[in-house]
Amino acid sequence: MDEALLDAVLRMVRLLDTPEDAAVLGPVVQREIYYRMLRGDLAHRLLDLAQCEGGTHRIVRAIEWLKQHYAAPLRIEELAEAVHMSSSALHHRFKAVTAMSPLRYQKHLRLHEARRLMFADGVDCATAGHRVGYESPSQFSREYRRLFGAPPRAEIERLRETGVPA
């Protein structure tokens, strides 16, 4: 994300604090965000996602499938079958579109959902990890720390103090 796009996104987020301004300025800022995304370095990826050629639409379907099944153990063969691709083609194309493997993408989904459960719903670390599909609390804690830079409990406390994700 370049500086101009980040600035537009931050202005959009700040509008959440002033609903009367958001009603008028929101559509303008949203249009600016679209413009900056379409003019940016990764515009070709957006175009690719919007088109149904090259298997990208299947990757979009794979992402949706992962969002629906994030807590279940991932079987690449099952995911590939669901989106009508071979396992190797799925892995290669998924990584080209998302810059991560399907398994890593699933981990990110799990960890972000666990973070939401702990922060918004007050769920404890072990329960959150279990709900999103981790069988081992220590593995959950390790992967959480790797992604967010701090153990779950400490990171959630920091979020509650600052109210801002890192």
Next item on the list: For residue 150, work out the one condition from (1) part of a helix (DSSP H, G or I); (2) under 30 Å from residue 17 (Cα atoms) it doesn't fulfil.
Entry: (1)
Checklist line | Odd one out for residue 115, checked against (1) in contact with an Asp or Glu (Cβ under 9 Å, 6 or more places away or on another chain); (2) more than 30 Å from residue 158 (Cβ to Cβ); (3) not polar (S, T, N, Q) | finding: (2)
Check: What are the residues in segment 65-122 that are among the polar types (S, T, N, Q) and within 19 Å of the chain's Cα centre (by Cα), if any?
Finding: 68, 98, 101, 106
Notebook entry, point to check: Among (1) over 30 Å from residue 36 (Cβ atoms); (2) of a type in the set (Val, Ile, Thr); (3) surrounded by fewer than 13 Cβ atoms within 10 Å (Cβ to Cβ), where does residue 162 come up short?
Noted result: (1)
Next item on the list: Under 6 Å between Cβ atoms, at least 6 apart or on separate chains: pull out the pairs that start in segment 132-152 with a residue that is within 15 Å of residue 116 (Cβ to Cβ) and touching a residue at least 40 places away in the same chain (Cβ under 8 Å) and end on any residue that is part of a helix (DSSP H, G or I) and basic (Lys, Arg).
Entry: 132/110; 133/110
Item checked: residue 104 being of a type in the set (Lys, Arg), out of contact with any His (no Cβ under 8 Å at 6 or more places or on another chain) and within 30 Å of residue 4 (Cα to Cα) -> yes
Notebook entry, point to check: Any idea which of (1) closer than 30 Å to residue 14 by Cα; (2) surrounded by 14 or more Cβ atoms within 10 Å (Cβ to Cβ) is the one residue 93 doesn't satisfy?
Noted result: (1)
Checklist line | Set 143, 77: member being loosely packed, with under 13 Cβ neighbours inside 10 Å and not assigned by TED's automatic domain parsing to the domain that holds residue 13 | finding: 77
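The values are calculated or read from the model by the stated rules, or taken from the named source; none is laboratory data. Not measured: the values here are computed from a predicted model. Cβ atoms come from the backbone with ideal geometry, glycine included; neighbour counts cover every protein chain shown.
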